Amino acid sequence: MTRADRRLSTGWRIAIVLVGTVAIWSLMVWVGTTLFGGDVTPVARVVTSLLIFALAVPMVVAARRLLDRRPWATLELQGWAGAWRPFLVGTASFLLPSAIGLSVALLTGWLQITSVLPPLDLVAAVAFTVVTVLLLEAIPEELIFRGYIYRNLSAAMAPIVAVFVQAALFSLLGTSLWVATSGWGVLLERGALFFAMGAVLGILRVISGSVWNPVGFHLGFQVVAQTLLVHPGIEVSNPGAVTIAGIVPAFVFASTVTLMLTRRRPDWRMPEPDERR
C-alpha cells in the first residue's frame with residue numbers, strides 16, 4: 001500500500017460521518033426551536049431544509065474525497081442524465097403499491113379522504129412537500145446511509161449484511177433524535193419504523209445499483225405520509241387505514257416492483273471492492 005492509499009479503517013470513517021450527521025441534525029433541531037419555537041411553519045420548513053441540504057451534501061463530498069480517497073462517482077449517485085430512470089423507478093416502487101392499497105380501501109369504504117383546500121392550493125401544498133422532502137430528508141439521508149455508509153460497508157462485507165448493518169445505524173440515529181425531542185415513549189415505534197425503512201431502502205439500493213432509486217422511494221413515502229397523515233388541509237376518516245393500505249404494501253412490494261422494472265440481478269454475497277480509479 002502506498003502512502004497515498006493509507007486511510008482510516010472503515011469503522012472510523014463511518015463513525016466520523018455519523019458524528020457529523022448527528023451534529024447537523026442537532027443543529028437543525030436547535031435552529032427550529034430557537035428561531036421558530038418548535039413550530040413547523042412553512043418558513044421553518046424551508047429554513048431547516050436548506051440548512052440540512054447545505055451541510056449534509058458537502059459533508060459527504062468531503063468525506064468521500066478526504067477520508068475514503070475515492071471518486072464521487074463510485075457512490076452510484078449518477079448525474080441527472082443517468083439518474084432520472086432509477087429515481088422514477090424508486091418513486092414508482094412506492095406509489096404503485098400505495099395507490100393500489102389506497103384504492104381498495106377507498107372503494108370498500110374503509111377509508112375516506114377529503115380535501116378542504118381548493119385544487120390549486122392542494123397542488124401547491126403537494127409541490128411544497130415534494131421540494132422540502134427532497135432537500136430535508138430524501139437526498140441527504142439517502143446520500144449518507146445508502147450512499148456513503150452502504151458503499152463503505154459493502155466493500156468490507158456481503159451486500160446483504162451491509163444492508164442490515166446500515167439499517168441498524170439508520171434506526172439508531174433516527175430513533176435517538178426522536179427520543180431526544182419526544183421522549184422514550186416513541187422508542188419502540190420509531191425504532192421499528194426506521195429499521196424497516198432502512199432495510200427496504202438498502203435492498204432497493206442493491207437491486208437498482210443506484211442511490212437515486214431509494215431517493216425516489218423515500219420521496220414517495222414521505223410525501224404520501226405527510227400529505228395524508230399530517231397536512232391540516234387533508235382529512236382522513238381512518239389514519240390507521242392509510243398506514244395499512246397505503247404504506248405497508250409499498251414496503252412489502254417495493255423490491256418486487258424495482259426488480260420488474262430494472263431486471264438487474266445483483267450478487268448479494270460478494271463484497272464490492274472500492275478500489276482507487
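The values are calculated or read from the model by the stated rules, or taken from the named source; none is laboratory data. It should be emphasised that the depicted structure is a prediction, and the values quoted were computed from it without experimental measurement. Please note: Cβ atoms are built from the backbone with ideal geometry, for glycine as well, and neighbour counts cover all protein chains shown. Note: accessible area is taken over every heavy atom of the protein model, side chains too, but ligands, DNA and RNA are not part of it. Shrake-Rupley method; radii C 1.70, N 1.55, O 1.52, S 1.80 Å.
Conditions (1) in contact (Cβ under 8 Å) with a residue 60 or more places away in the chain; (2) closer than 24 Å to Arg65 by Cβ, marked per residue:
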site	(1), (2)
Thr181	yes, no
Phe195	no, no
Val200	no, no
Trp212	yes, yes
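Report, by residue number, each residue of segment 31-57 that is in contact (Cβ under 8 Å) with a residue 60 or more places away in the chain, open to solvent by less than 80 Å² (accessible area, probe 1.4 Å) and within 26 Å of Ile149 (Cα to Cα). Walk me through it before giving the result.
Keep residues of segment 31-57 that are in contact (Cβ under 8 Å) with a residue 60 or more places away in the chain, which gives 42, 45-46, 48-50, 52-53, 56-57.
Pick out the ones that are also open to solvent by less than 80 Å² (accessible area, probe 1.4 Å) and you get 45-46, 48-49, 52-53, 56-57.
Selection gives Thr48, Ser49, Ile52, Phe53, Ala56, Val57.
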*So, in segment 92-107, of the ones that are touching a residue at least 60 places away in the same chain (Cβ under 8 Å) and open to solvent by 60 Å² or more (accessible area, probe 1.4 Å), which residue ends up farthest from the chain's Cα centre (by Cα)?*
Val104
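Conditions tested, residue by residue: (1) over 27 Å from Val40 (Cα atoms); (2) not β-branched (Val, Ile, Thr).
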position	(1), (2)
Ile160	yes, no
Phe164	yes, yes
Gly174	no, yes
Gly191	no, yes
Leu204	yes, yes
Phe217	no, yes
Phe221	no, yes
Val242	no, no
Gly246	no, yes
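Can you report the number of residues in segment 197-223 which are at negative phi and out of contact with any helix residue (DSSP H, G or I) (no Cβ under 6 Å at 6 or more places or on another chain)? Explain how you work it out, then say what you get.
Looking only at segment 197-223, we keep the residues that are at negative phi, and these are 197-208, 210-223.
Filter once more, keeping what is out of contact with any helix residue (DSSP H, G or I) (no Cβ under 6 Å at 6 or more places or on another chain): 197.
Residues flagged as at negative phi and out of contact with any helix residue (DSSP H, G or I) (no Cβ under 6 Å at 6 or more places or on another chain) within segment 197-223 amount to 1.
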*What is the residue count in segment 1-30 for residues that are farther than 18 Å from Val179 by Cα and surrounded by 12 or more Cβ atoms within 10 Å (Cβ to Cβ)?*
9
*Kindly establish whether Val89 is in contact with a Leu (Cβ under 6 Å, 6 or more places away or on another chain), surrounded by 17 or more Cβ atoms within 10 Å (Cβ to Cβ) and in contact (Cβ under 8 Å) with a residue 40 or more places away in the chain.*
yes
*Selection within segment 171-182 - modelled with pLDDT of 90 or more and of a type outside the set (Ser, Thr, Tyr)*: Leu172, Leu173, Gly174, Trp178, Val179
